[in-house]
Every structure is written in C-alpha cells, then in structure tokens.
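The values are calculated or read from the model by the stated rules, or taken from the named source; none is laboratory data. Quantities reported herein were computed from a predicted structural model and do not represent experimental measurements. Backbone-built Cβ (ideal geometry, glycine too); neighbour counts: all protein chains shown.
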C-alpha cells in the first residue's frame, strides 16, 4: 500500500512539472548559443554580402533615424535597427535576430559634377558621397525575443576592415542615399566581398 501511495505522489509531481517551460528554456538557450557561434555569424555576414536572398530575409526595419544637420555641419548621425531571419541550417527554422548600426558625428566627403548643358545636351547636376567614415558606426547584434539580449558580434569584430565597411554599407547604404538624395560614389565602395578573400 505504501508503494502505491508513493507511486501516486510521484506521478502527481511528474504531471505537475512544467515540461513545456523547460522545453522553451532549452530552445532559448540553443538560439542564444547559435547566435553566439562565430562560424554562424561569419556565414551570415558572407551570405548577406553575397546577396543570398534565399538565406537572408529582412523581417522589418524597426528604426531608421538619419540626420545630424549633415549638410551644414559636415557629419551624419545614424540609428538604424533591422531584424533578420537567417537560414543557417536548411533542416531547421531560420534564426531570428536584430542588427543595430548607430553612430554620431560620422564624417563624410562629397563629390559631384555640374554642367549647364546646351540646346543639344541636357544639363547635369549630380552629387554623391565620395567617402563615409564607416568606422564611426557601431554595429551590434541582439536577440529579438522578449529578452532582447545583446550578442557579442565576434565575427564582425574579427573581420577585415573592408568586410566591416561592406557589411555596414550593404545594410544602410541605400537608406543613406535615398534619405540624402545622393548615391555612393567611392570606387572602393563597389568592392566585392570575394575580392577581400573573407568569404
């Protein structure tokens, strides 16, 4: 009789255990460990730069602040947050995380060309960013669940400078160009990730 009572108590305790909560915790830890993995981060950087759209999807742009009275003061300020879904392993659900690019007093230089035109040729008035100090932009990675944990972005920190610049430009170059009404004109900015030997 005592054994039956003991078994009954044990069964009640087991049935009351929050298995789902434990599974959720284990899944969160797996997600965090994956995002912290430098190989995962490096592959994400490469797939983004190589424009592998089947692997890297933008979920949403959460914030896109651009300013700094840039035309008068000669510097930009940027706070840009974007969320990604990234398929690292085709057999698993895409990993979801955010990237923040933020900087104050980002220096730049401009170039352009102007021509009044004539009766046969239309006039030209073009301007573009000749140089942007990408190093003045901090890059962070974070979870996008309810915890919003920051993730150390080791692969970005360890990447060559050109890869860092190309990564930042890939995410916000078009945004800056559209907002400021000018494109990116530095020949180095058209480098390909393949030329750097990182991917």
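Tell me, yes or no, whether the stretch 106-121 has at least one residue that is modelled with pLDDT of 80 or more, crowded, with 17+ Cβ neighbours inside 10 Å and either under 23 Å from residue 170 (Cβ atoms) or in contact with a strand residue (DSSP E or B) (Cβ under 6 Å, 6 or more places away or on another chain) (or both).
yes
Where the second residue is surrounded by fewer than 16 Cβ atoms within 10 Å (Cβ to Cβ) and modelled with pLDDT of 85 or more and the first is over 19 Å from residue 76 (Cα atoms) and lies in the stretch 126-150, which pairs have Cβ atoms under 6 Å and are six or more apart or on separate chains?
Between residues of the stretch 126-150 that are over 19 Å from residue 76 (Cα atoms) and residues that are surrounded by fewer than 16 Cβ atoms within 10 Å (Cβ to Cβ) and modelled with pLDDT of 85 or more, the close pairs are 142/150.
Check every one of the helices (runs of 4 or more DSSP H) wholly within the stretch 143-199 and list those with 1 or more residues that are touching a strand residue (DSSP E or B) at 6+ places or on another chain (Cβ under 7 Å) and at pLDDT 80 or above.
Here the list reads 154-158, 161-180.
Considering each of 71, 13, 54, 38 in turn, give the residue that is modelled with pLDDT of 90 or more, exposed (fewer than 10 other Cβ atoms within 10 Å of the Cβ) and out of contact with any strand residue (DSSP E or B) (no Cβ under 6 Å at 6 or more places or on another chain).
Being modelled with pLDDT of 90 or more, exposed (fewer than 10 other Cβ atoms within 10 Å of the Cβ) and out of contact with any strand residue (DSSP E or B) (no Cβ under 6 Å at 6 or more places or on another chain) holds for just one of 71, 13, 54, 38, which is 54.
Might you check whether a residue that is at pLDDT 65 or above and in a helix (DSSP H, G or I) occurs anywhere in the stretch 83-100?
No, there is no match, as no residue in the stretch 83-100 is at pLDDT 65 or above and in a helix (DSSP H, G or I).
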